1. Return the residues of the stretch 253-275 that are open to solvent by 10 Å² or more (accessible area, probe 1.4 Å) and in a helix (DSSP H, G or I); say none if nothing qualifies.
2. Mind listing whichever residues of the stretch 350-360 are touching a His at 6+ places or on another chain (Cβ under 9 Å) and either closer than 13 Å to P390 by Cα or away from the ligand (no atom under 12 Å from the Cβ) (or both)?
3. Can you tell which of L377, L419, L391, L415 is among the aliphatic types (A, V, I, L, M), farther than 24 Å from E341 by Cα and in contact (Cβ under 8 Å) with a residue 12 or more places away in the chain?
4. How many residues does the stretch 95-150 hold that are part of a strand (DSSP E or B), open to solvent by less than 10 Å² (accessible area, probe 1.4 Å), among the polar types (S, T, N, Q) and within 14 Å of the ligand (Cβ to nearest atom)?
5. Give me the pairs: first residue in the stretch 362-374 and within 17 Å of N155 (Cβ to Cβ), second residue of a type in the set (K, R) and within 7 Å of the ligand (Cβ to nearest atom), beta-carbon distance under 8 Å, and six or more apart or on different chains, which are they?
6. Out of S418, S430, report the one residue that is modelled with pLDDT of 95 or more, over 26 Å from V141 (Cβ atoms) and more than 16 Å from the ligand (Cβ to nearest atom).
7. Just one of (1) within 28 Å of R73 (Cα to Cα); (2) open to solvent by 40 Å² or more (accessible area, probe 1.4 Å); (3) polar (S, T, N, Q); (4) not in a loop (DSSP other than H, G, I, E, B) trips up T364, so point out which.
Amino acid sequence: MAEQGKKGAGPEINAHSKIESLEPHREAPTDATLSTEHGVRVDSTDDSLKAGPRGPTLLEDFHLREKLSHFDRERIPERVVHARGSAAHGYFQVYEPMAEYTKAAFLQDPTARTPVFVRFSTASGSRGSADTVRDVRGFAVKFYTEEGNFDLVGNNIPVFFIQDGIKFPDVIHALKPEPDREIPQASSAHDTFWDFISLLPESTHMAMWLLSDRAVPRSFRMMEGFGVHTFRFVNAQGKSRFVKFHWKPLLGVHSLVLDEARKLAGKDPDFHRRDLWDAIERGHHPEYELGVQIIEEEDEFAFDFDLLDATKIVPEELVPVRRVGKLTLNRNPDNFFAETEQSAFHLSNIVPGIDFTDDPLLATRLFSYLDTQVYRLGSPNFAQIPINRPLVPVRNQHQEGFMQQRIKVGRVNYLPNSLAGGCPMMATPSMGAFTHHPERVLGLKARERSDTFKDPITQATLFWNSLSLPEKKHLIRAARFELASVASQEVRERMVARLGEVDAELGRLVAAGVGVAPPPGKPQPQAPGKGGQGAGKRSVAVSPALSMENTVKDTVESRLVAVLALDGFSGAELAAVRSALEAAGAHVQVVSASLGPIAGDDGSTVSADRTLLTAESVMFDAVFVPGGRASVVALSAMGEAVHFVNEAFKHCKAIGATGDAVDLLASTDIQGVALADARTAAPLLSDKGVVTSRDPAGLAPFSHELLRAIAQHRHWDREDIAQIPA
Ligand code: HDD
């Protein structure tokens, strides 16, 4: 098995030069004169053509008319869901040939790099909505393979609200702003959403994920992705196996806290978009391993749930996730509209070696995505838009349509034909033709749901049971927040009752925060697989893989650290700690009273990157305050600086202070809470992620300890400290 967590395998390609040669349509406006769309050069774009300097403006002004009429048509419909998104280019590389399981060409050659375009998104908000709202995140990957495009259109949550796509419009209508008042934007915290969820038991498992920290990711770079449905792998011999797809971020899975996410939605609504863009520009290329869970066809009914039910996971403890390759995002789009906005993902974009199953949710998606692209992009020729074009030749008899880009030569546009020698010919499987897996089907036509789909609670309870204590507390808080935003007492009661079915204590604790009586709770004892399919089947009571507590916590790579400093800061302390942070891959920004140079106590200067007006603790992963008496005294007197530290503490982030700056902590609410003895002369103290040192010779161990605290991501043991008001 390939080594897991491989970083930066293989030589770097010059992504741009390669892509430019593949994509002649990518143009940069260098060395060019302004022209009309028809190539006529323009002498002025500042004044319209007038009869005399005071007008009137003449209709004859073709440049003016073209400019305005093009502008008037700049908007296209936003995506009906997942309208808010951000994307990046990159490549995928398999670790070892997967021929035993699939004949997909892009999964065979470890030396080959398959170009990809990945779009991350929120689901509910409109195109201009905030990034950090509580929501599922889209994780859509377009692989431009040598056999055509393969789109893996997943989410950062491994299950879905509904089992059958016929209910998709309903769940989205309930989630989106209410139709009479168009409120609230990008938020599930309202009556219609919880009304719907409380009436639809199958949504319980997904609702639990939505209430969990997974729904407020720290970064697109720090969340998992899931194909959700069970797909098939088919090998060259035609043998089929079931497969579940996963994306595992090498930086681990990390979240924001609720208060932070809500503040960011106002203070930096582009937080995730900016994070993705900046990380790539800084060379911190996001990396995710492709994981597969492979299940033999004989095991189709071995589990206490149905593999075709998209509201269920296959616990990793039952079927391990095998990491088979790596996705690296190394290039930002050149043009948001042309690439990110016009990208059109479609589950039917599939390549030989991968196939569908009878999951009824998947079946509906196979229709909906093509349909939505034709509407949104305005023409069946949307596949000719550069970002959607495969890298392999396209040959078919499709004709005409709006914005047809191809000029097809000749008079033969039908099959069969003899006048064009029978071209284009049919391909055989050995030539790479896609052949549908010959699955035997037999059934009576009916609008029905399988009995094996009728256990909405067991896996919701599994999820709950697998969370760490802090994660459980966060989920309860989130549920209280969501349901306390619901005016209807009846809806709150119904939803709390459902949570009580998941876990009696969960129901009781949420009830206590939303003004409803504690629910009777879950019937005890609960046999696995209540739907009748459970007995003797493979199941687990706890799945450690579901808890973010067990994620990667050994790296600070790309983490943002704020350094609070004013004139008089300790030059030696800032320099030593900064270089340790940067050597470990963190990105440091100096936050000061104003932009420009600030003077250290040793004659050194640093340049402030941000000011206390533009930078807030919610935008950073950690904060470090170097000593230097003048700097510390002035910072202690500045409300913004004290608030910065308090808020970072409230959000459980690593905080470091050296020398005199340990006294700054005494001006904050931290003193007496985490740092009872911070004012002692002890050389190095580290308590609940607050690291201090008064020892000028101890900067190396201090930096080491601070790095360790940052890598932990958050120090949840602080959360019960009520005194911090921020
Ligand atoms: Fe969907 C977009 C993910 C169920 C219909 N969906 C869309 C996107 C993602 C997902 C990531 C944005 C793609 C992009 O970045 O452009 N959707 C999912 C997942 C689902 C799911 C993981 C369940 C497993 N979706 C689903 C169903 C239907 C749709 C059941 C309809 C029957 N989804 C759409 C859509 C969208 C879309 C309306 C809107 C814009 C688009 O497709 O391109 O067709």
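1. Correct list: L258, D259, R262, K263, A265, G266, K267, F271, R273, R274, D275.
2. First, the residues of the stretch 350-360 that are touching a His at 6+ places or on another chain (Cβ under 9 Å): 355-357, 359.
Selection gives D355, F356, T357.
3. Result: L415 is the single residue among L377, L419, L391, L415 that is among the aliphatic types (A, V, I, L, M), farther than 24 Å from E341 by Cα and in contact (Cβ under 8 Å) with a residue 12 or more places away in the chain.
4. 2
5. From residues that are within 17 Å of N155 (Cβ to Cβ), the pairs are T372/R79.
6. None of the others qualify; the one that does is S418.
7. The number of the failed condition is (1).
Matching residues to (1) open to solvent by less than 10 Å² (accessible area, probe 1.4 Å); (2) not polar (S, T, N, Q):
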{"site": "S212", "(1), (2)": "yes, no"}
{"site": "V216", "(1), (2)": "yes, yes"}
{"site": "M222", "(1), (2)": "yes, yes"}
{"site": "G238", "(1), (2)": "no, yes"}
{"site": "W247", "(1), (2)": "yes, yes"}
{"site": "L251", "(1), (2)": "no, yes"}
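The values are calculated or read from the model by the stated rules, or taken from the named source; none is laboratory data. These numbers come from a predicted model, not from an experiment. Positions of Cβ are backbone-derived with ideal geometry, glycine not excepted, and every protein chain shown enters the neighbour counts. Ligands, DNA and RNA are excluded from the accessible area calculation, which covers all protein heavy atoms including side chains. Shrake-Rupley method; radii C 1.70, N 1.55, O 1.52, S 1.80 Å.
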